[in-house]
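The values are calculated or read from the model by the stated rules, or taken from the named source; none is laboratory data. Since the model is a prediction, treat every value here as computed from it, not as a measurement. Counting neighbours? That spans all protein chains shown, and the Cβs are built from the backbone with ideal geometry, glycine included. Accessible surface areas use protein heavy atoms only, side chains included; no ligands, DNA or RNA. Shrake-Rupley method; radii C 1.70, N 1.55, O 1.52, S 1.80 Å.
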Amino acid sequence: MKQIDEFVNSIYSGVSGKEAIELKQEMRSHLIEAVEDLKSEGKSEKQAIDIAISRFGDEKQITRGLFSLFKTQNKIVKNLFRTSMVALFLGIVVLIGLILVGGNNQNELQQIDQTISSVSEILAEGTFSEEKNKKIVSLVEETKEIEYFVIFKNPEPGKAASKQDMMKNWEVAIESGDSSIKNSTEHVWMDMKDPYENYYMVAGYEEISTLDNFYSIPIGLFIAFAVLGLTSFFLKNKTNRKMLSIFIK
């Protein structure tokens, strides 16, 4: 049906690409179907073609309306797709940042624990000496995360005492760092008492977050990427045909 082909080609004369080919085929199929219905009603082929085409109205008006809708829809699809890609990019950036910061924070906590364990090993015998004290101070100072460190020595080894009594009455054997934060509630305090009641150790450092709660941010961004991406894909493949059907009917 040459007349139908010419009409369809005139509608899509300014458009190219796979999408245009599919839409042209869709319009042609609908027109041919309409022509066959009219022929079954007794119309000649030429009459049926003229009537089917005339149902579209003015060609220029159709073209303007059709492509105005296509343009609006395609703009929405592109914006959705771009937004989904931005969400994906931000999600990856935030996730990488959390992994790096979280790994660093974990290393800092491990370093503090390792230092405390090393000090305990040095004092395993419960005795103090100038050499041991220097070694302990050196370990603590190398651990930048520990801001204040103190070891109280029991003047009566083996005799139990309350925490308050230990900090008040026991002799300060080793002290390192900023003593002004002793009573700070903004710091985390790690304490350890020798099971043989020979010493009491206290270390203070700023709270190190594990960032576990922040992982919901990249997860939310990845979900947004998936939802927006699928929505744009669905619109791109379905909406054009729906709009075309409206014009044809």
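If you take the residues of region 193-227 that are crowded, with 16+ Cβ neighbours inside 10 Å and assigned to a strand (DSSP E or B), which of them is farthest from the chain's Cα centre (by Cα)?
Tyr199
When only residues in region 109-126 that are free of Cβ contacts under 8 Å to residues at least 24 places away in the same chain and farther than 15 Å from Met190 by Cβ count, which is least open to solvent (accessible area, probe 1.4 Å)?
Result: Ile122.
For region 146-181, enumerate the residues that are within 39 Å of the chain's Cα centre (by Cα) and either farther than 18 Å from Asp113 by Cβ or not hydroxyl-bearing (Ser, Thr, Tyr) (or both). First the steps, then the outcome.
Taking region 146-181 first, the residues within 39 Å of the chain's Cα centre (by Cα) are 146-149, 177-178, 181.
Ile146, Glu147, Phe149, Gly177, Asp178, Ile181, listed by residue number.
Any idea how many residues of region 141-164 are open to solvent by 20 Å² or more (accessible area, probe 1.4 Å), touching a residue at least 40 places away in the same chain (Cβ under 8 Å), of a type outside the set (Gly, Ala, Ser) and not in a strand (DSSP E or B)? It would help to see each step written out before you state the result.
Pass one, region 141-164, residues open to solvent by 20 Å² or more (accessible area, probe 1.4 Å): 141-142, 144-145, 147, 153, 155-164.
Then keep just the ones that are touching a residue at least 40 places away in the same chain (Cβ under 8 Å); that gives 145, 147, 153, 157-158.
Still in the running and of a type outside the set (Gly, Ala, Ser): 145, 147, 153, 157.
Checking which are not in a strand (DSSP E or B) leaves us with 145, 147, 157.
So the count comes out to 3.
Quick one: is Met27 under 26 Å from Phe233 (Cα atoms), at pLDDT 85 or above and part of a helix (DSSP H, G or I)?
Details: under 26 Å from Phe233 (Cα atoms): yes; at pLDDT 85 or above: no; part of a helix (DSSP H, G or I): yes.
So Met27 does not fit the description; no.
I need the full set of residues from region 81-108 which are more than 18 Å from Tyr215 (Cβ to Cβ), touching a residue at least 60 places away in the same chain (Cβ under 8 Å) and open to solvent by 50 Å² or more (accessible area, probe 1.4 Å), in order please.
Listed by number, the residues that qualify are Phe81, Thr83, Met85.
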